[in-house]
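The values are calculated or read from the model by the stated rules, or taken from the named source; none is laboratory data. Keep in mind it's a predicted model, so treat the numbers as computed, not measured. Cβ placement follows ideal geometry from the backbone for every residue including glycine, while neighbour counts extend to all protein chains displayed. Keep in mind that these areas ignore ligands, DNA and RNA; they rest on the heavy atoms of the full protein, side chains included. Shrake-Rupley method; radii C 1.70, N 1.55, O 1.52, S 1.80 Å.
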Amino acid sequence: MSRTGSKDHGDELLTRLGTLTAQARAAAEVQRSRVELAVALQRGMLPRGLPTGDGVRLAVRYVPANQGLNVGGDWYDAFTMPDGRIGLSIGDVQGHNIEAAAFMGQVRVGLRALASVDSDPGELLARTNELLLTLGGDLFATCTFMRLDPETRLLESARAGHLPCVWATADGRSGVTEDEGGPPLGVQSGAVYPVTRYRLDSGGVFVMVTDGVVEGPSMRLDEGLDQVSRLAGIAAVARMDVDALAAAVIKGAAEVGHDDDAAVLVIGHDERAGQP
């Protein structure tokens, strides 16, 4: 082969390589834009403020998973219902893309809207489940919804395929809730979601989390929940502020070795500010 032929062949390879590189950069830029849009959508759907009342204190932490150009659909929410009670939800949408983030918004808005019609946690999840099924999508979501009465500190909880909560009392006792749950939202028509009732003790806490906080390649689910339970017990005994507890729980999420979303919602009662 002549030197001219070799030069032409080399120029052709360089041209093709330059074209492929440009295409790869363009594809990466599109994907990066999709991730940025999804993260913005996620953050825009999260509540700007948290309700309080009669010594009740709430704190949240949320870390989106945008490693590897992925983004998930975790959410938390807290709002005052028409009857004065506080609605609390946390959940996780299947998938890691902009569609998951958008579906998360639909679930959260649906829960809020239907809570003005029926605030019973079990009925609320059942209605939301049927609503999502009518949309005809392929995604589903796990969720826990709690209704808290600030005056009586009665907590009513229902779960849709989501993780149990962690509780702790002021004397240092702590554990994981053992309430019965139903299937994830958007999977099965006619699903039933049993309601379990708890009492938020003076100085006690409840911790709601998504699986990115307690489960991953480096930690089993039971180990992660046990870790949060120990943190909650220590925090309750030490009269630690709920915001500090939320920060400690989300910090511990780094140990699970995941690249998933991580959301924490802590419900506490300040015995100095509320009823004894």
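Below is a table of values for the structure above.
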quantity: Tally, over segment 213-257, of residues that are under 13 Å from VAL166 (Cα atoms) and in contact with a Leu (Cβ under 7 Å, 6 or more places away or on another chain); calculated: 6
quantity: Filter pass, GLY190 being within 21 Å of GLY91 (Cβ to Cβ) and either touching a helix residue (DSSP H, G or I) at 6+ places or on another chain (Cβ under 7 Å) or surrounded by fewer than 19 Cβ atoms within 10 Å (Cβ to Cβ) (or both); calculated: yes
quantity: Some residue of segment 88-100 being modelled with pLDDT of 90 or more, under 23 Å from PRO194 (Cβ atoms) and over 16 Å from the mean Cα position of the chain (by Cα); calculated: no
quantity: Single condition SER229 does not satisfy, out of (1) surrounded by 14 or more Cβ atoms within 10 Å (Cβ to Cβ); (2) over 15 Å from the mean Cα position of the chain (by Cα); (3) in a loop (DSSP other than H, G, I, E, B); calculated: (3)
quantity: Residue selected from segment 35-80 under the condition aliphatic (A, V, I, L, M) and open to solvent by less than 10 Å² (accessible area, probe 1.4 Å), by the criterion modelled with the lowest pLDDT; calculated: ALA38
